[in-house]
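S.K.: Encoded as structure tokens, here's the structure I'll be asking about.
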Amino acid sequence: MLIWTTFVLAFSALLPMINPLGSALSLMGIVGDVPPGSFKYLARKIAINNVIFLTVIEVTGSAILRFFGVSIPVVEVSGGIVIAAIGWSVLNAPATQTEVQFKNSDVAAKVADSGHKLEQMLFYPLTFPVTSGPGTLVLMLTLSAHVSNPSLARNILGHVGIFIATIVLSLMVYLCYAFAPKLTSAIAPSTVRGILRVVAFILLTIGVQIAWNGLSVLLKSVVGKGA
């Protein structure tokens with residue numbers, strides 16, 4: 001079934017990018033020492049923001065590509081390379097390096113020290129880029145292009161599969177954020193890194209596959225013109 005196939009593809013690709021467990025560590029580092037109830041409030045708001053944010057990117061992805069005159073195979077090749085590169089970098093990152101690039105950045109430290117209220121931090125930086133960063137946006141555009149199909153039924157089913165994956169991942173974000181203090185104390189950092197390296201390898205293979213899908217179409221068009 002197309003919805004299930006697209007869901008599995010989108011979920012597998014987005015999971016290491018969003019990385020709910022790793023993002024929960026960042027959430028604690030940014031918001032600091034707040035009451036446990038605040039984590040549930042933040043988790044709910046961020047999860048909702050994440051669904052809306054990624055859905056808007058996914059739905060408008062095709063229009064953005066048409067506006068810039070970029071073909072779907074080109075997006076698949078370039079997006080697949082970016083996805084594979086991210087997976088490769090995470091797979092080979094030093095053990096002491098934080099899993100998501102933004103997690104320990106100077107920006108996060110400045111935000112944590114700025115004294116802004118939690119409400120002002122819900123979208124930036126807690127939704128973007130802590131939960132869904134630039135790499136996630138590139139992936140959403142690539143997935144949107146990948147499922148685009150001349151057949152209206154297949155096109156709709158493909159986008160529905162991506163939307164369901166977004167819902168499930170945002171639910172995971174909610175659970176990890178809401179219980180961040182308990183999770184971070186119960187799960188060893190080495191375990192988190194081990195899980196991340198496995199999903200990073202999956203992300204690498206997905207990137208290569210998407211890039212190959214686009215490249216095969218481009219090669220056929222070149223061979224066809226040559227013939």
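Read the figures in this text as sums done on the coordinates, not as results from a lab. What you see is a predicted model; the values in this text were computed from it and never measured. Positions of Cβ are generated from backbone atoms using ideal geometry, with glycine treated the same way; all protein chains shown enter the neighbour counts.
S.K.: Could you list, in sequence order, all residues of segment 156-176 that are of a type outside the set (Gly, Ala, Ser) and touching a Phe, Trp or Tyr at 6+ places or on another chain (Cβ under 6 Å)?
M.R.: Ile164
S.K.: Name every residue in segment 165-180 that is surrounded by fewer than 18 Cβ atoms within 10 Å (Cβ to Cβ) and closer than 16 Å to Val31 by Cα, in order of residue number.
M.R.: Of everything in segment 165-180, just one residue is surrounded by fewer than 18 Cβ atoms within 10 Å (Cβ to Cβ) and closer than 16 Å to Val31 by Cα, namely Phe179.
S.K.: Would you tally the residues in segment 20-74 being basic (Lys, Arg) and either at positive phi or without any contact (Cβ under 8 Å) to a residue 24 or more places away in the chain (or both)?
M.R.: 1
S.K.: What number of residues in segment 52-73 are part of a helix (DSSP H, G or I) and either surrounded by fewer than 18 Cβ atoms within 10 Å (Cβ to Cβ) or among the basic types (Lys, Arg) (or both)?
M.R.: Qualifying residue count for the region: 9.
S.K.: Let me ask something additional. Determine if segment 187-194 includes at least one residue that is of a type outside the set (S, T, N, Q), in contact with a helix residue (DSSP H, G or I) (Cβ under 6 Å, 6 or more places away or on another chain) and closer than 13 Å to Leu25 by Cβ.
M.R.: yes
S.K.: Still on this structure, please answer the following. Filter segment 2-22 down to residues that are under 9 Å from Ile162 (Cβ atoms) and β-branched (Val, Ile, Thr), then give me how many there are.
M.R.: So the answer is 1.
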